[in-house]
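Chemist: One structure, as structure tokens, below. Some questions next.
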Amino acid sequence: MAKIIRSLSAKKSGVPSAPKKPAKKAAKAPPGLARKSAKPNSPKPNSLKQKPWTPAEVHEAFSRFRKANPEPKGELEHLNPYTLLVAVVLSAQATDAGVNKATRALFAVADTPERMLELGEAKVREYIKTIGLYRNKARNVIALSEKLIAEFGGEVPRTRAEIETLPGAGRKTANVVLNMAYGEHTMAVDTHVFRVGNRTGLAPGNNVLEVELGLEKVIPPEFMLHAHHWLILHGRYTCLARKPRCEVCLINDLCRWPEKTV
């Protein structure tokens, strides 16, 4: 009781309590120890320091792809270079199957820029309304059709730079069109090709352009016509994002991925 009274009287008299001793700063761990104890960040796809593929290994991988599927085809349905261009523009952030479902009826009535303009933006929207971002995509389809007629005589141009000037078309779109419509040795890098290039160590890169240029550098010319199709199909059906099917992979003995299951 006496202790409580003294404590209260001290507070009333304004006598300050004894200052608390500052807490001692925790000693810094040695740099090596700190790195070991810290939770590691997820490595970037190209930060695994994989051993580069040899030219012989690259040749062997694509020889296997060719043997398994000599004439791979893109899965976007089209009738000519123009409808291919439109299909690729519509495929952004959408599946090929979803695009095909919408474009079968669309291309039956509008397979040229002129016919697409006759159809009009409102009706194009109705045909493609099951595709994500369909309003903006319908606007781009009409705009690129107008530009093809005004500047290219209604024909899809044959250079990457010219295709990239069309509304809704970027580098990947240009590469797909040049490869599939005109037989150019271009490398279209989508999410599947980007994953395969990084995961296998075939062509690691921080962005799609780095992977594209890396693949063009290492893949022999004899395989370049079909290379992007083989890689897309491999990423879509075998080298899956969440659970790769390493047990059926044609190149699992060549792949540099440290977490492969075989």
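Chemist: Sequence gap of 8 or more, or different chains, plus Cα separation below 27 Å: how many lysine pairs satisfy both in segment 128-262?
Modeler: Eligible lysine pairs with Cα atoms under 27 Å apart amount to 10.
Chemist: While we're on this one: How much net charge surrounds P157 when only the other residues with a Cβ under 13 Å from the Cβ of P157 are counted, with Lys and Arg +1 and Asp and Glu -1?
Modeler: -2
Chemist: How much net charge surrounds E184 when only other residues with a Cβ under 10 Å from its Cβ are counted (Lys, Arg +1; Asp, Glu -1)?
Modeler: +2
Chemist: Using a cut-off of 14 Å between beta-carbons, work out the net charge of the residues near N175 (Lys and Arg +1, Asp and Glu -1, N175 not included).
Modeler: -2
Since every read-out is calculated from the coordinates, none of them should be taken as a lab result. The model shown is predicted, which means the values in this text are computed figures rather than measured ones. Cβ atoms come from the backbone with ideal geometry, glycine included; neighbour counts cover every protein chain shown.
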